[in-house]
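Working notes, beginning with the structure itself.
The values are calculated or read from the model by the stated rules, or taken from the named source; none is laboratory data. The structure presented is a predicted model; accordingly, all values stated were derived computationally and were not measured. Positions of Cβ are generated from backbone atoms using ideal geometry, with glycine treated the same way; all protein chains shown enter the neighbour counts.
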Amino acid sequence: MKKYILCFFTIVILNTKLFAQKVFSVDYSNQAEVKVFVVKYESQSDLKVYKVKSENQADGNTGKWFFTKYQNQAKKKIYFVEYENQADLKIFFVEYENQAGWKNQSKKHLLY
């Protein structure tokens, strides 16, 4: 029984880390997995993003992003585009952690 419990918690912990939103901002659009545009108003966004200070705060696919220092540490490589029509995902940076989250669930697959 202890083996099953340990196995269960290991899977839960691995899944949390697997879907953590650790991102790296690349210099060129052809290097990116997701092209992102920062909108001026929350109502225009697909995702409300809160920038966390440490990687263990970036839990799940919930809009809490940790920007990694190196590309190989990131789960997703993103590129900030200049125009909205170039973007796969429109984001709005929020001031508080509890404001982060998806507004357009159909775009959620982009960060898995």
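Would you confirm, using the coordinates I've provided, whether Val38 is modelled with pLDDT of 95 or more and closer than 16 Å to Lys107 by Cα? I'd like the intermediate steps shown before the answer.
On the way: modelled with pLDDT of 95 or more: yes; closer than 16 Å to Lys107 by Cα: yes.
Yes, satisfied.
Only residues in the stretch 90-102 that are over 18 Å from Lys40 (Cβ atoms) count as the first member; pair them with residues that are assigned to a helix (DSSP H, G or I) and of a type outside the set (Gly, Ala, Ser), Cβ under 7 angstrom, at least 6 apart or cross-chain, and list the lot.
As it stands, the answer is Trp102/Lys108, since those pairs meet every condition given.
In the stretch 40-62, how many are assigned to a loop (DSSP other than H, G, I, E, B), out of contact with any helix residue (DSSP H, G or I) (no Cβ under 7 Å at 6 or more places or on another chain) and closer than 17 Å to Ile91 by Cα? Walk me through it before giving the result.
In the first step, residues of the stretch 40-62 are kept if they are assigned to a loop (DSSP other than H, G, I, E, B); the result is 40-41, 45-46, 52-54, 58-62.
Subset that is out of contact with any helix residue (DSSP H, G or I) (no Cβ under 7 Å at 6 or more places or on another chain): 40-41, 45, 52-54, 58, 62.
Restricting the remaining residues to those that are closer than 17 Å to Ile91 by Cα gives 40-41, 45, 52, 58, 62.
Residues meeting the conditions: 6.
Residues being in contact with a strand residue (DSSP E or B) (Cβ under 8 Å, 6 or more places away or on another chain) and not in a strand (DSSP E or B): count how many of those fall in the stretch 96-112.
Step one: of the stretch 96-112, the residues in contact with a strand residue (DSSP E or B) (Cβ under 8 Å, 6 or more places away or on another chain) are 96-97, 99-104, 107-108, 110-111.
Add one more test, that the residue is not in a strand (DSSP E or B), and what stays is 96-97, 99-100, 103-104, 107-108, 110-111.
Looking only at that region, the number is 10.
Looking at the stretch 63-77 only, could you name the residues that are assigned to a loop (DSSP other than H, G, I, E, B) and either at pLDDT 95 or above or of a type in the set (A, V, I, L, M) (or both)? Even if it seems obvious, please write down each step before you answer.
To start, the set of residues in the stretch 63-77 that are assigned to a loop (DSSP other than H, G, I, E, B) comprises 63, 68-70, 74-75.
Correct list: Gly63, Thr68, Lys69, Tyr70, Ala74.
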